[in-house]
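Below: the structure, in C-alpha cells.
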Amino acid sequence: MRSKGQNLFPKTEKISNKKVIQKLFDDGNRIKSSFFDIRIISGSEGEINQVLITASKNKIKSAVKRNLIKRRIRESYRINKHLIKKKGLKIGIIYSETKIMNFQEINKSFEYVIRKINSND
C-alpha cells in the first residue's frame, strides 16, 4: 500500500506523444549541464509536468547500460520533482555523457538542472 506522501512517477508524467517529442527537439529551450542536454517547452499552468528521458545509442552502445542510466535519471527526477516550481512544462532529459555515472553524480547534476529551470523565465 502506498502512502500519500510518497513520490511517484505515474504514466501521466511521461511524454509518449510523437508530435510533442518532435516539438521538444525542434522548438524546445536548451539547458546544458555536465551530464545532460535538457529541452523544455512551456505548457499551460494547470497541467502537470511531463518528462522524456533518453540515453543516446551512439554514446552508450549497450542497451543494459542505457537502461541503467535511464533508471537512475528517473529515480533522480522522482525524488526531486517537487523542487520544480513551474507547472505545465514538457521536459526532455538527454544523457550526453559517454561513461556511466553513479546515482550520486547524476542526482547532483539533476539538482543543478532544476535550479536552472527555476531561474529561467
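See the values below:
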read-out: Eligible lysines near residue 86 by straight Cα distance, threshold 16 Å, same-chain separation 8 or greater; value: 116
read-out: Reference-scaled alpha-carbon Rg (2.2 N^0.38 Å with N residues) for the range 11-119; value: 1.01
read-out: Nearest-0.05 FRET efficiency for residue 108 and residue 54, computed from C-beta distance (R0 22 Å); value: 0.65
read-out: Residues residue 13 and residue 34, FRET efficiency given R0 of 22 Å [Cβ-Cβ distance, rounded to 0.05]; value: 0.35
read-out: Test item: Cα-centred dipole of the range 11-119, Lys/Arg +1 and Asp/Glu -1 on Cβ, debye; value: 340 debye
read-out: Residues of the range 19-38 with amide N under 18 Å of a point placed 7 Å along Cα→Cβ from residue 115; value: 31-38
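Every read-out reported here was derived from the displayed coordinates using simple, explicitly stated rules and does not represent laboratory data. Nothing here was measured: the structure is a model prediction, and the numbers come from that model. Quick reminder, even Gly has a Cβ in these numbers, built from the backbone with ideal geometry, and neighbours come from all protein chains shown.
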